[in-house]
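Asks: Below you will find the structure I want to go over with you.
The values are calculated or read from the model by the stated rules, or taken from the named source; none is laboratory data. As the structure is a computational prediction, the values presented were derived from the model and not from experiment. Cβ atoms come from the backbone with ideal geometry, glycine included; neighbour counts cover every protein chain shown.
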């Protein structure tokens, strides 16, 4: 999969041609090359786990908020 193809029609922002090996919304499931989807849930905010997903090898992040807004909280 290519990130640009996955997000076609979803965003007006330019999207890079990044190869994606898999998709996960749980940071502990991320493997090198995966796309991490940071979702805000009822009890846990996935944005708080963006750094962990990157450390585990995520190739890209899709987030409801700007990706590093969680660092400013």
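Asks: If a residue must be part of a loop (DSSP other than H, G, I, E, B) and either at pLDDT below 95 or more than 16 Å from residue 65 (Cβ to Cβ) (or both), how many such residues does the range 9-43 contain?
Replies: Adding up the residues that qualify gives 23.
Asks: If you don't mind, there's one more thing I want to ask. Of the conditions (1) surrounded by 14 or more Cβ atoms within 10 Å (Cβ to Cβ); (2) modelled with pLDDT of 95 or more; (3) out of contact with any helix residue (DSSP H, G or I) (no Cβ under 6 Å at 6 or more places or on another chain), residue 6 clears all except one; give me its number.
Replies: Every condition holds for residue 6 apart from (2).
Asks: In addition: What are the residues in the range 44-73 that are modelled with pLDDT of 95 or more, part of a loop (DSSP other than H, G, I, E, B) and more than 17 Å from residue 4 (Cβ to Cβ), if any?
Replies: 56, 57
Asks: Would you point out the residue of the range 32-43, among those that are surrounded by 12 or more Cβ atoms within 10 Å (Cβ to Cβ) and under 24 Å from residue 2 (Cβ atoms), that is farthest from the chain's Cα centre (by Cα)?
Replies: Per the stated criteria, the residue is 33.
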